[in-house]
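*Asks:* The structure under discussion is supplied below as structure tokens; questions concerning it will follow.
The values are calculated or read from the model by the stated rules, or taken from the named source; none is laboratory data. Remember, it's a predicted structure, so these values are computed and weren't measured experimentally. Backbone-built Cβ (ideal geometry, glycine too); neighbour counts: all protein chains shown. With ligands, DNA and RNA removed, areas are computed over all heavy atoms of the protein, side chains included. Shrake-Rupley method; radii C 1.70, N 1.55, O 1.52, S 1.80 Å.
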Amino acid sequence: MTATPTIVPHGRLTELAVQVLVASGAAEADARIVAGHLVDANLAGHDSHGIGMLPQYVRAIRRGLLDPRAHAAVEDRGGPVLSVDGRRGFGQLVGREGIAAGTARAASLGLAAVALRGAFHVGRVGAYAEQAAAAGLVSIHFVNVVGHAPLVAPFRGSDRRLMTNPFCVGVPGPGGRIAVLLDFATSRVALGKVREARARGDRVPDGCIIDHRGRPSTDPGALLDEPKGALLPMGEHKGSGLALVCELLGGAVTGGGILSRVPYQDGMIGNNMLSFLLDPAKLPGGAALAEDVEATVAFLKASPPADAELPVLVAGEPEEASRAARRASGIPVAAGVWEDLVAEGKNVGVDVRP
Ligand code: NAD
């Protein structure tokens, strides 16, 4: 039986995260940005990138893998191109600083390319698309992961050669709102989902994992136990190809490093991200963009649902619906995550309670 989650209002969870981060060495203003990002991931329904990451950050600080005082070093490479060294800082902080520099550049040139390298975990990539959309910009983000052993097999492969390399596109709406937010890992499911399935005693859906010999499996043990299998990419050759370009654009082009060359370290979650920011107002479609987005979304959503219980949604809607629900009813923090948070809080002298 799964233990009951602890329900915590998002404001309280943010304050707890700030306290833990400050006690771990972060400046309060920086801690607020990191905590805000983590708790917003929970609000958006992406618990895998929410408060559950905080104990891992505390341990990474202790091991010297994450510098809680680091800020981004932004280097102007000419024209729209910015190279950003994350200096092993909180990805949520240095990523935000890089995108802020990019939005300023796109405000003057209409376009910016922000090549972030050397960040610790950047968290939910959609946060950077939302930041760009708040400045009226379209954005595209390619992310790779380094310092961690691979998890995902390439299409037709039988062992782990890729990570969950996320890809994200944001389209701005009126008033700084994001109208469409496509933000996903390129693996069919996250590792955490397989762990959760095992904890519940369930199998994983077809097409998500293979065993150590490359045979399709629905048994979480085929992935998690020795000899270990691999996660599969989403969309067969298409997802595998998208993961490859995330590896090359996020890792190679930024100079942050590629998975096969960066040594693995226990507790390390390095991210590199190549972001393109575009001001649609510079193009003929800019003036009518909001109207065209609205018309397209309405056209899609008018499709009669194949299952009456499951209407057509567009990317970004599930996150908004989750935010509305969880702002009202609080964030359910899984029992294991809460225990980890209490334990790491204790290690840095913070009494974590709801
Ligand atoms: P997911 O499978 O839940 O897919 C999310 C995307 O699909 C969103 O754009 C969402 O709006 C859209 N979506 C979901 N249901 C939909 C529906 N019914 N109709 C239309 N659109 C729908 O996400 P995921 O792959 O589990 O990724 C979760 C988060 O993890 C993302 O925010 C991602 O950035 C993050 N991530 C980060 C890293 C990292 O290294 N930092 C690695 C992997 C994933």
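*Asks:* Can you go through Val253, Val169, Val180 and tell me which one is more than 16 Å from the ligand (Cβ to nearest atom), within 15 Å of His141 (Cα to Cα) and in contact (Cβ under 8 Å) with a residue 40 or more places away in the chain?
*Replies:* Result of the check over Val253, Val169, Val180: Val253.
*Asks:* I'd like the residue in the stretch 28-57 that is open to solvent by less than 30 Å² (accessible area, probe 1.4 Å) and not in a helix (DSSP H, G or I) and, out of all such residues, is nearest to the ligand (Cβ to nearest atom).
*Replies:* Ala44
*Asks:* OK, next. Among the residues of the stretch 62-81 satisfying the criterion of being of a type in the set (D, E, K, R) and under 22 Å from the mean Cα position of the chain (by Cα), which is surrounded by the most Cβ atoms within 10 Å (Cβ to Cβ)?
*Replies:* My answer is Asp67.
*Asks:* I'm trying to understand the selection: among the residues of the stretch 283-293, which are out of contact with any Pro (no Cβ under 9 Å at 6 or more places or on another chain) and in a helix (DSSP H, G or I)?
*Replies:* Glu291, Asp292
*Asks:* When you scan the stretch 291-301, how many residues do you find that are without any contact (Cβ under 8 Å) to a residue 24 or more places away in the chain and open to solvent by less than 70 Å² (accessible area, probe 1.4 Å)?
*Replies:* Result for the stretch 291-301: 2.
*Asks:* Of (1) within 14 Å of the ligand (Cβ to nearest atom); (2) open to solvent by 80 Å² or more (accessible area, probe 1.4 Å), Ala315 satisfies all except one. Which?
*Replies:* (2)
*Asks:* Collect the residues in the stretch 111-139 that are open to solvent by 10 Å² or more (accessible area, probe 1.4 Å) and away from the ligand (no atom under 13 Å from the Cβ), keeping them in residue-number order.
*Replies:* Leu111, Ala113, Ala115, Arg117, Gly118, Gln131, Ala134, Ala135, Gly136, Val138
*Asks:* Another question, then. Could you tell me whether Arg88 is among the basic types (Lys, Arg), within 21 Å of Gly270 (Cα to Cα) and either without any contact (Cβ under 8 Å) to a residue 24 or more places away in the chain or not in a helix (DSSP H, G or I) (or both)?
*Replies:* yes
*Asks:* Just the residues that are surrounded by fewer than 24 Cβ atoms within 10 Å (Cβ to Cβ), closer than 16 Å to Ala281 by Cβ and of a type outside the set (Val, Ile, Thr), please, taken from the stretch 90-110. Break it down stepwise before answering.
*Replies:* Here is the first cut: in the stretch 90-110, the residues surrounded by fewer than 24 Cβ atoms within 10 Å (Cβ to Cβ) are 96-97, 100-101, 103-105, 107-110.
Add one more test, that the residue is closer than 16 Å to Ala281 by Cβ, and what stays is 103-105, 107-110.
Result: Ala104, Arg105, Ala107, Ser108, Leu109, Gly110.
*Asks:* Another question about this same structure. Could you look through the stretch 179-199, keep only residues that are open to solvent by 60 Å² or more (accessible area, probe 1.4 Å) and over 18 Å from Leu232 (Cα atoms), and pick out the one that is farthest from the chain's Cα centre (by Cα)?
*Replies:* Residue satisfying both the conditions and the ranking: Ala199.
*Asks:* Looking at the stretch 257-277, can you tell me whether even one residue there is assigned to a helix (DSSP H, G or I) and in contact (Cβ under 8 Å) with a residue 24 or more places away in the chain?
*Replies:* no
*Asks:* Tell me yes or no: at least one residue of the stretch 154-177 is of a type in the set (A, V, I, L, M), in contact with a Gly (Cβ under 8 Å, 6 or more places away or on another chain) and modelled with pLDDT of 90 or more. Lay out the reasoning, then the answer.
*Replies:* Of the residues in the stretch 154-177, the ones of a type in the set (A, V, I, L, M) are 162-163, 169, 171.
Next cut, in contact with a Gly (Cβ under 8 Å, 6 or more places away or on another chain) only: none.
No, there is no match, as no residue in the stretch 154-177 is of a type in the set (A, V, I, L, M), in contact with a Gly (Cβ under 8 Å, 6 or more places away or on another chain) and modelled with pLDDT of 90 or more.
*Asks:* For the stretch 302-319, which positions are out of contact with any helix residue (DSSP H, G or I) (no Cβ under 8 Å at 6 or more places or on another chain), touching a residue at least 12 places away in the same chain (Cβ under 8 Å) and assigned to a helix (DSSP H, G or I)?
*Replies:* Result: Pro318, single match.
*Asks:* Within the stretch 219-253, count every residue that is more than 30 Å from Arg200 (Cα to Cα) and open to solvent by 20 Å² or more (accessible area, probe 1.4 Å).
*Replies:* Summing the residues that are more than 30 Å from Arg200 (Cα to Cα) and open to solvent by 20 Å² or more (accessible area, probe 1.4 Å) in the stretch 219-253 gives 10.
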